[in-house]
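Read through the structure below, which is laid out as structure tokens, and then see the notes.
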Amino acid sequence: MIENSPTALLPILHYDDTRAAVRFLVDVLGFREALVATDDEGDVVHAELAWPGGGALVLGGTKHVDSVHGGMRAGSNAIYLVSDEVDAVHQRVLAAGGDVLEPPHHAKFGSGASSYTLTVRDPEGNLWTFGTYRSAAGGS
């Protein structure tokens, strides 16, 4: 069992335009670049992004099909991120002309838990929900 590791779970998302995805996730949503590797053509083939509250995310490109993830499609993921900065993320998305599906609001999840929440769609269709609910699984 892995304990106290903020990167014990690394979701892997696939994008058609990984360079644009990194820019959106870092510049608009607020991730931090930990590692960005490119191929000979300058395309991002692997990126690791850190979330300020802990945890990380891995990005891969849909055009690179030489791994077990080859053939993955872009835009079919939904991610929830714990954040006390919901309004700040909302303002950055609006300033970037992003797609806000649900503006900040107080919501109750199916579990009955309450959260101050925002949901946006990234340029390739992935859904990103930011909220104050910290999870029954022990999210910080």
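List of remarks:
- As a summary of the residue check, His14 satisfies the conditions (1) within 28 Å of Arg134 (Cβ to Cβ); (2) assigned to a loop (DSSP other than H, G, I, E, B) except for the one numbered (2).
- Members of the range 26-85 found to be assigned to a loop (DSSP other than H, G, I, E, B), crowded, with 17+ Cβ neighbours inside 10 Å, of a type outside the set (Phe, Trp, Tyr) and modelled with pLDDT of 85 or more, listed by number: Gly30, Gly55, Asn77, Ser83
- The set of residues in the range 93-140 being over 16 Å from Val82 (Cβ atoms), among the β-branched types (Val, Ile, Thr) and in a strand (DSSP E or B) consists of Val100 alone.
The values are calculated or read from the model by the stated rules, or taken from the named source; none is laboratory data. Computed from a prediction, not measured in an experiment: that's the story for all the values here. Positions of Cβ are generated from backbone atoms using ideal geometry, with glycine treated the same way; all protein chains shown enter the neighbour counts.
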